[in-house]
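J.: Handing you this structure, nothing more for now.
The values are calculated or read from the model by the stated rules, or taken from the named source; none is laboratory data. Remember, predicted model here, so these are calculated numbers, not experimental data. Heads up, the Cβs are rebuilt from the backbone with ideal geometry, glycines too, and the neighbour counts pull from every protein chain shown. Side chains included, ligands, DNA and RNA excluded: accessible areas come from the protein's heavy atoms. Shrake-Rupley method; radii C 1.70, N 1.55, O 1.52, S 1.80 Å.
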Amino acid sequence: MSGRELDWDNMPETYKQYPPDLKRVKLPEPDMEGGAPLFQLLKSRRSVRSFAPRALDAKILSQMLWAALGISLDAGQYQFRTAPSAGALYPVEMYILVNRVTGINPGIYYYDVQNHMLILLREGEFGRDMARAALGQGIIEKAPAVLIWSALVRRGMWKYEQRAYRYFYLDAGHIAQNAALAAVSLGMGSCQIGAFFDDEVNELLQLDGEKETALYMTAFGSLPQS
Ligand SMILES: Cc1cc2nc3c(=O)[nH]c(=O)nc-3n(C[C@H](O)[C@H](O)[C@H](O)COP(=O)(O)O)c2cc1C
């Protein structure tokens, strides 16, 4: 960083843009208050690898998305998020594999954080393909929904060059922990998934693996006995 000026004229956009003709799904407004006390959540969080078979309520999905990396403070020039990010650049993007969510068709969606909306990228049942890409982990197909995080490389490298790679993983860790604790607070279980074939996940998300590449996942759903 030292001795280097930032190229403000070529600062990458903070929000990814998708064509306006892609289908948007409005999500219920998230609650930004309440939930179980933090220390109880820390005590109770465990990786959960089986889920009740019923569909997830869209309100729960909305709550999970906001908790993971939603906007928590609009300070004009910056919109700060629930998870910290090096330089407030927010290079980690979020996709959602929807297997079974009430009122939302199965498919792969992008989370439009600015508008708290889903953007449909691919409609259809992709649970089995995603599970195969994750070394055959059936949890990916059985969970009602899976959050998948990627790094938008240029957004971090614009400021941090090579060091951006370290920060992608640190940012993703914060986000995943938010999701894990939110799941407990919502009476659900979740499991972080790092074991997957990058190329296969990137292909499913339609990412090139260079400009943007998959980093990490969290499968979540209602507890099996609930
Ligand atoms: C970076 C990372 C990657 C992980 N990848 C997987 C995975 O691919 N599959 C899985 O079943 N669990 C995965 N886990 C969950 C760990 O196995 C789990 O966190 C660990 O056994 C500790 O148990 P606990 O989460 O219940 O405290 C991963 C956890 C982390 C932090």
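J.: Take each uninterrupted DSSP H stretch in the chain, measure its Cα extent along the helix axis, and return the ones at 15 Å or beyond whose mean Kyte-Doolittle hydropathy is at least 0.0. All intermediate terms of the calculation are to be shown ahead of the outcome.
T.: Working: long enough: 58-69 (17 Å, 1.18); 164-185 (32 Å, 0.38).
Span-like helices here: 58-69, 164-185.
J.: Quick one: compute the contact order of the chain, relative version, from alpha carbon pairs under 8 angstrom and 6+ residues apart, as a percent.
T.: It comes to 26 percent, rounded to a whole number.
J.: Still on this structure, I have one more. For segment 123-136, just list the computed ³J(HN,Hα) in residue order, Karplus coefficients 6.51, -1.76 and 1.60, θ = phi - 60°, integers in Hz, with x standing in for Gly and Pro.
T.: Ordered by residue, 3J(HN,Hα) equals 8, x, 8, 10, x, 5, 5, 5, 4, 4, 5, 9, 6, x Hz.
J.: Multiply the residue gap between Phe197 and Leu170 by 0.36 nm, knock off their C-alpha separation, and tell me the result in nm, one decimal place. Working shown, then result.
T.: Working: separation 27, 0.36 × 27 = 9.72 nm, distance 2.02 nm.
Going from the current span to full extension adds 7.7 nm.
J.: Could you tell me which of Ala58, Tyr90, Leu38 has its Cα farthest along the dipole of segment 36-222 towards the positive end, charges placed at Cβ (Lys, Arg +1; Asp, Glu -1), taken about the Cα centre?
T.: In segment 36-222, that residue is Leu38.
J.: If you don't mind, another one. If I compute solvent accessible area with a 1.4 Å probe over the protein chains, what percent of it on the chain is carbon and sulfur?
T.: 51 percent
J.: Can you count the Lys pairs in the chain with C-alpha separation below 21 Å, eight or more apart or on different chains?
T.: For the chain, the number of qualifying lysine pairs is 7.
J.: For a quick check of understanding: with a 1.4 angstrom probe and all protein chains in place, what accessible area in square angstrom does Arg128 have, to the nearest ten?
T.: Only protein atoms counted, so the area is about 150 Å².
J.: D for the chain, whole µm²/s, Stokes-Einstein with Kirkwood Rh over alpha-carbon pairs at 37 °C and 0.692 mPa s: what number?
T.: Approximately 184 µm²/s, per Stokes-Einstein.
J.: Which of rounded, prolate, oblate describes segment 110-163, given a ≥ b ≥ c as roots of the alpha-carbon gyration tensor eigenvalues and a/c under 1.5 marking rounded, otherwise prolate only if a/b is larger than b/c? If you can, show how the numbers build up before the last one.
T.: Working: a/c = 3.06, a/b = 1.57, b/c = 1.95.
Oblate shape, in that a/c is at least 1.5 and b/c is the bigger or equal ratio.
J.: Please work out the Cα center distance from segment 19-73 to segment 98-134, rounded to the nearest Å.
T.: Answer, in whole Å: 14.
J.: To continue, here is another question. Can you find, among Leu152, Ala176, Gly221, the residue sitting farthest towards the positive end of the charge dipole of the chain, where Lys and Arg contribute +1 and Asp and Glu -1 at Cβ?
T.: After comparing all options, I get Gly221.
J.: Moving on to the next point. Computed FRET efficiency, Cβ-Cβ of Asn105 and Ile71, R0 22 Å: what is it to the nearest 0.05?
T.: On the way: r = 25 Å, r/R0 = 1.16.
Calculated transfer efficiency: 0.30.
J.: Please list 182-194, 113-125 highest first by mean number of surrounding beta-carbon atoms within 10 Å per residue.
T.: Final packing ranking: 182-194, 113-125.
J.: Same structure, new question: Fully extended, how many nm does the chain gain between Gln40 and Lys211 (0.36 nm per residue separation, minus their Cα-Cα distance)?
T.: So the extension gain works out to 57.6 nm.
J.: Please identify, among Lys23, Lys159, Lys59, the residue showing maximal mean-square fluctuation in a Gaussian network model of the chain using a 10 angstrom Cα cutoff.
T.: Lys23
J.: Right, something else. Just Ala179, Ala68, Ala52 to compare: in a GNM of the chain, with alpha carbon springs under 10 Å, which one fluctuates most?
T.: Ala52
J.: Have a look at Phe80, Phe39, Phe126 and tell me which one the Gaussian network model of the chain (Cα, springs below 10 Å) gives the largest fluctuation.
T.: Highest fluctuation of the listed residues: Phe39.
J.: State to the nearest 20 debye the size of the charge dipole of the chain about its Cα centre, where the only charges are +1 on K and R beta carbons and -1 on D and E beta carbons.
T.: Its charge dipole is roughly 800 debye.
J.: If amide H atoms are built 1.01 Å from N in the plane of the peptide, which residues on other chains or at least 5 residues away come under 5 Å of the amide H of His116?
T.: For His116, no residues qualify.
J.: Classify segment 1-131: rounded, prolate or oblate, from the alpha-carbon gyration tensor (a ≥ b ≥ c, eigenvalue square roots; a/c under 1.5 rounded; otherwise prolate if a/b is larger than b/c)? List each step's numbers first, then the result.
T.: Details: a/c = 1.92, a/b = 1.33, b/c = 1.45.
Judged from the Cα gyration tensor, segment 1-131 comes out oblate (a/c at least 1.5, b/c at or above a/b).
J.: Can you figure out the FRET efficiency of Lys59 with Gln162, using R₀ = 41 Å and their beta-carbon distance, to the nearest 0.05?
T.: Efficiency, rounded to the nearest 0.05: 0.50.
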